[in-house]
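Undergrad: Attaching a single structure in structure tokens format; questions to follow.
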Amino acid sequence: MFTFQVMGGKSIRAIIETSRPEIFARVRETYLAHHRGATINPNSYFLRFPEKPDARIIALPAALRGSGGPQDGPGDGAAGPTDGVAGIKWIGSFPGNVARNIPRASAVLLLNDLETGYPFACLEAAQISAARTAASAVLGAEQLHGSRAAGRLAVVGAGVISRNILEFFHALGWSFDRVAVHDRVEEYARKSAGHAEALGYRASAHTTLAEAVDGADVVVLATTAAAPYIVEPGALAPGQTVLNISLRDIGPELVAASHNVLDDVEHCLNAGTSPHLAVEKFGHRDFIDGTIAQLVLGELPLGRDRPRIFSPFGLGALDLAVGHEVLRIGREDGGVQDVPDFFAEVERW
């Protein structure tokens, strides 16, 4: 009960590199669990800094109720039924880091036993957060696009998140005729295109957004934008699948003229996201079709008369699910470190 373990980012990254299909499946399952009410997922909490208005540290608390499935609990790592897990991701987002070639996001994930409330593990979570975001994006692409093959993939924003999304596309067997990458920093776009080519895709870097997005079947928006810049009428095409991962790139008018699928409606209509701005501007939610879980369950028919936008705000329950899976694998392969005597008192008297 009082074991406490730590798992570092390099070990986590190594597990993710060999477990992307399993992580994808876990994310899909967690969305369905959330739809069934088997999660507790309160609103995220934002710590902001007046002197750095674009920076924030976000707390994402959540709990997964147990299913009795073969997952690890807090004990010795033996596989067996679980009563679920609680926890919190604490993730810093400092866009100014990018100018120094430092990743924008850094994070830790704490896992708690639901029986006693005691924390039993701490994991470096930037890798976990990127993996769950990428898996979520690729699930959205599969459901909105309708297959794992597309002519042109446009990637807007050549950073850690879009790199992970490309890697998940590849791991899940997606085929593209061409990958077009755009970033305001041309060097980053070239590096991202080179990474796509290393994965086996034909790829090219583009200096303008229009060049990259024009004719794309699937568009990935993974930038650090704080306000919409895709605002021109017709910027998004009917039937085009748009993965609005960075959440704030698309203007309200374009959102309202599109099909919109969210991960959780109430969560996403916060913090100045594109759907939030559209609801504020137009005073209704009629343009929101539903959630990704409803789409997976076949409850959400979408036409191809308008662009199809997936806006995932990001659920703490996904971080718990992916972190718990990574911890389970890490215990099996020796990538977890025990911290003896982490708790000073384990008896009241």
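The values are calculated or read from the model by the stated rules, or taken from the named source; none is laboratory data. Treat the numbers as computed from the prediction; the structure is a model and nothing was measured. So basically every Cβ, Gly included, is an ideal-geometry build from the backbone, and we count neighbours across all protein chains shown.
Undergrad: Return the residues of region 301-344 that are aliphatic (A, V, I, L, M), at pLDDT below 95 and more than 30 Å from PHE2 (Cα to Cα); say none if nothing qualifies.
TA: LEU302
Undergrad: Right, next: For region 181-196, enumerate the residues that are out of contact with any Leu (no Cβ under 7 Å at 6 or more places or on another chain) and in contact (Cβ under 8 Å) with a residue 12 or more places away in the chain. Reasoning before the result, please.
TA: So in region 181-196, the residues out of contact with any Leu (no Cβ under 7 Å at 6 or more places or on another chain) come out as 181, 183-194.
If the condition is that a residue be out of contact with any Leu (no Cβ under 7 Å at 6 or more places or on another chain) and in contact (Cβ under 8 Å) with a residue 12 or more places away in the chain, then VAL181, ASP183, VAL185, GLU186, TYR188, ALA189, ARG190, LYS191, SER192, ALA193 are the ones that fit.
Undergrad: Name, by its number, the condition in (1) modelled with pLDDT under 95; (2) farther than 18 Å from PRO103 by Cβ; (3) among the basic types (Lys, Arg) that does not hold for ARG202.
TA: So the condition that ARG202 fails would be (1).
Undergrad: Here is a follow-up. Which condition breaks for GLY316 when tested against (1) in contact (Cβ under 8 Å) with a residue 40 or more places away in the chain; (2) at positive phi; (3) small (Gly, Ala, Ser)?
TA: With (1) in contact (Cβ under 8 Å) with a residue 40 or more places away in the chain; (2) at positive phi; (3) small (Gly, Ala, Ser) applied to GLY316, the lone miss is (2).
Undergrad: Search region 205-231 for residues that are on the phi > 0 side of the Ramachandran plot and pair each with any residue that is surrounded by fewer than 20 Cβ atoms within 10 Å (Cβ to Cβ) and of a type in the set (D, E, K, R) when their beta-carbon atoms are under 7 Å apart and the residues are at least 6 apart or on different chains.
TA: Partner pairs satisfying both residue conditions: GLY215/ARG152.
Yes or no, residue by residue, for (1) in a helix (DSSP H, G or I); (2) under 24 Å from ASN270 (Cβ atoms):
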residue	(1), (2)
LEU144	yes, yes
VAL181	no, no
GLU197	yes, no
TYR201	no, no
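Undergrad: Being under 15 Å from the mean Cα position of the chain (by Cα), at pLDDT 95 or above and surrounded by 19 or more Cβ atoms within 10 Å (Cβ to Cβ) narrows it down to one residue among LEU243, LEU295; which is it? Quick ask: steps written out before the conclusion?
TA: On the way: LEU295 fails: under 15 Å from the mean Cα position of the chain (by Cα).
One residue alone meets the criteria, LEU243.
Undergrad: A further question follows. Say we look at region 135-152 and pick out the residues that are in contact (Cβ under 8 Å) with a residue 40 or more places away in the chain and more than 27 Å from GLU325 (Cβ to Cβ); which of these is surrounded by the fewest Cβ atoms within 10 Å (Cβ to Cβ)? Even if it seems obvious, please write down each step before you answer.
TA: Initially, region 135-152 is screened for residues in contact (Cβ under 8 Å) with a residue 40 or more places away in the chain, giving 135-141, 143-145, 150-152.
Then drop every residue that is not more than 27 Å from GLU325 (Cβ to Cβ), which leaves 150-152.
Details: ALA150: 20, GLY151: 12, ARG152: 17.
Within region 135-152, the match that is surrounded by the fewest Cβ atoms within 10 Å (Cβ to Cβ) is GLY151.
Undergrad: Got a number for residues in region 264-288 being of a type in the set (D, E, K, R) and surrounded by 19 or more Cβ atoms within 10 Å (Cβ to Cβ)?
TA: Start the filter on region 264-288 by keeping residues that are of a type in the set (D, E, K, R), which leaves 264, 266, 280-281, 285-286.
Right, trim to surrounded by 19 or more Cβ atoms within 10 Å (Cβ to Cβ) and you get 264.
The qualifying residues number 1.
Undergrad: Out of ILE23, ILE16, ILE57, report the one residue that is assigned by TED's automatic domain parsing to the domain that holds PRO119, without any contact (Cβ under 8 Å) to a residue 40 or more places away in the chain and β-branched (Val, Ile, Thr). Don't jump to the end; show me each part of the working.
TA: Numbers: ILE23 fails: without any contact (Cβ under 8 Å) to a residue 40 or more places away in the chain; ILE16 fails: without any contact (Cβ under 8 Å) to a residue 40 or more places away in the chain.
From the options ILE23, ILE16, ILE57, the qualifying one is ILE57.
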